[in-house]
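Asks: Got a structure for you, written out below as structure tokens; questions coming shortly.
No lab work stands behind these numbers, since they all come straight from the coordinates. Please read these numbers as outputs of a predicted model, since none were measured by experiment. Glycine gets a Cβ as well: all are built from the backbone with ideal geometry, and neighbour counts include every protein chain shown.
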Amino acid sequence: MPPLSATRTCPRRSCSRRKECIIDTIAAGICGSALPWSRIVIDYAERTGPGGKCHILGRGGPAVQAPAAALANGALAHAFELDSLTRPGAGAHPGATVLPPLSPSPRKRAPTAAV
């Protein structure tokens, strides 16, 4: 997926759908963070990835390293059947597998003037 700043050049319908999928995945992760079984992956990420600059969705806890945030956020987006693009019987959850590994990346790069 191109950086969010690249959305200026995408077709309006495609841009709109992309934004909906991103928002949907984030919302699914925040919802998933409140589920009791999610505590296991949150605890693991906080224990194994301390000292980073990335955050776990729906948590006010400490920042963690990018790999730990990606693992936790992906698991949280999968924690309940809410994530984007799920179609009954398809077994696909692309938002939960694509967005969390990409989301910590911008925090690891130098800021750019183009926003």
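Asks: Using modelled backbone amide H atoms (1.01 Å from N, in-plane), which distant-in-sequence or interchain residues come within less than 5 Å of Gly52's amide H?
Replies: Counting only residues 5 or more places away or on other chains, the set is Val64, Gln65.
Asks: Could I have the simple spin-label model distance between Ala27 and Asp43, label points 7 Å from Cα toward Cβ, reported in nm to one decimal?
Replies: Here the answer is 3.1 nm between the modelled labels.
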